[in-house]
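Following: one structure in structure tokens, then a few remarks.
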Amino acid sequence: MAQQTWTAVDDYFNDLLVEEDDALLKAVASQDAAGLPPHHVSPNQGKLLSLLATLRGARRILEIGTLGGYSTIWLARALPADGRLVTLEADAAYAAVAAANISHAGLDGIVDLRVGRAVDSLPQLADEEQGPFDLVFIDADKPSNPVYLEWALQLTRPGSVIIGDNVVRDGAVVDATSADPRVQGVRRFTELISEHPRLTATTIQTVGSKGYDGFTLALVTR
């Protein structure tokens with residue numbers, strides 16, 4: 001009953017507050033047709049990302065984990081015409097789906113999609129002096145979250161926002177003895193944030209059409 005209620009509530013608010021146009025609907029449909037995992041953010045979560053980018057006044061965004069490009073479209077649309085979003089995807093098949101969706105949304109001139117492991121692409125971004133980014137969205141393999149956080153800090157500045165998705169893991173995050181590397185990756189990610197002198201943060205638990213999870217929102221302070 002809980003999941004049915006969560007989904008119904010999401011549907012209610014989404015119908016009133018969140019508009020998905022053809023590009024967003026096609027992004028979901030195409031990744032489903034291609035057999036990609038259903039790990040994209042929900043419509044209201046995508047709208048939240050867009051609002052956060054807008055509130056920040058973001059001009060440059062870094063996304064770690066593209067999947068089919070659904071969240072990429074939400075984020076890129078929050079940028080000004082001369083803005084830039086760099087998105088990193090390890091899986092070439094996923095990236096091909098995302099590239100088509102980004103192009104269909106008319107965002108080729110704003111989005112820089114890079115294929116390869118993020119742990120390899122992030123040092124390249126630093127070498128190219130692609131930063132500082134105003135917002136970083138981390139939504140990739142959870143065991144690597146601690147590494148992604150360290151690079152995010154190198155590629156941001158005071159006032160930048162770092163968002164880590166799927167950090168609650170259906171409540172499993174509280175299990176210190178978990179053998180799941182995704183849980184341990186999120187736990188270490190959170191510990192690093194709590195210890196870091198340049199970050200202040202909070203985590204919000206969420207329920208909805210995607211089940212029970214949550215996200216961490218961190219602000220780079222200095």
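Once the dipole of the chain is set up with Lys and Arg at +1 and Asp and Glu at -1 on Cβ about the Cα centre, which of Thr206, Val174, Thr72 lies farthest towards its positive end?
Toward the positive end, the furthest listed residue is Val174.
Compute the accessible area per residue over the chain, keeping the other protein chains in place, probe 1.4 Å, unit Å².
Details: 10320 Å² over 222 residues.
Result: 47 Å² per residue.
Which whole-number percent of Cα pairs in the stretch 14-104 have a distance greater than 15 Å?
On the way: 2308 of 4095 pairs.
Every Cα pair in the stretch 14-104 considered, those over 15 Å come to 56 percent.
Roll a 1.4 angstrom probe over the protein heavy atoms and tell me the percent of accessible area of the chain that is carbon or sulfur. Mind showing how you got there, number by number?
Details: 5700 of 10320 Å².
Within the chain, the accessible surface is 55 percent carbon and sulfur.
Given all pairs of different Cα atoms, what value in angstroms does the Kirkwood hydrodynamic radius of the stretch 58-146 take? Walk me through the numbers on the way to the answer.
Numbers: mean 1/r = 0.0778 Å⁻¹.
Answer for the stretch 58-146: a Kirkwood hydrodynamic radius of 12.8 Å.
Based on the Kirkwood radius over alpha-carbon pairs, what is the Stokes-Einstein translational diffusion coefficient of the stretch 102-208 at 10 °C with 1.306 mPa s viscosity, in µm²/s?
Value of D from the Cα-based Kirkwood radius: 104 µm²/s.
Just how large is the dipole of the stretch 1-79 about the Cα centre, in debye to the nearest 20, putting +1 at every Lys and Arg Cβ and -1 at every Asp and Glu Cβ?
On the way: 6 positive and 9 negative charges, 105 e Å.
In total the dipole reaches around 500 debye.
For the chain, give the share of DSSP beta bridges that are antiparallel, in percent and rounded to the nearest 5; count only bridges with both residues there. Please list the in-between numbers first.
Numbers: 15 of 33 bridges.
Percentage antiparallel, nearest 5: 45.
Along each of the three principal axes of the Cα atoms of the chain, give the extent in whole Å, ordering the values from largest to smallest.
43, 41, 32
Once Lys and Arg get +1 and Asp and Glu get -1 on their Cβ, which of Val28, Ala92, Trp6 lies farthest toward the positive end of the dipole of the stretch 1-110?
Projecting each Cα onto the dipole axis, the largest value belongs to Ala92.
Over every pair of different alpha-carbon atoms in the stretch 174-222, take the mean of 1/r and invert it; report that Kirkwood radius in Å.
Details: mean 1/r = 0.0822 Å⁻¹.
Value: 12.2 Å, from the Cα pair sum.
In debye, nearest 20, what is the charge dipole magnitude of the chain about its Cα centre with +1 on Lys and Arg Cβ and -1 on Asp and Glu Cβ, if you could check? Write down the numbers at each step before the final one.
On the way: 18 positive and 29 negative charges, 118 e Å.
Result for the chain is approximately 560 debye, rounded to the nearest 20.
Quick check: Cα centre of the stretch 182-199 to Cα centre of the stretch 32-89, how many Å?
Cα centroid to Cα centroid, the span is 23 Å.
The values are calculated or read from the model by the stated rules, or taken from the named source; none is laboratory data. Please read all numbers here as calculations on a predicted model, not as lab measurements. Every residue, glycine as well, gets a Cβ built from its backbone with ideal geometry; the counts of neighbours run over all protein chains shown. Note: areas computed on protein heavy atoms with side chains; ligands, DNA, RNA excluded. Shrake-Rupley method; radii C 1.70, N 1.55, O 1.52, S 1.80 Å.
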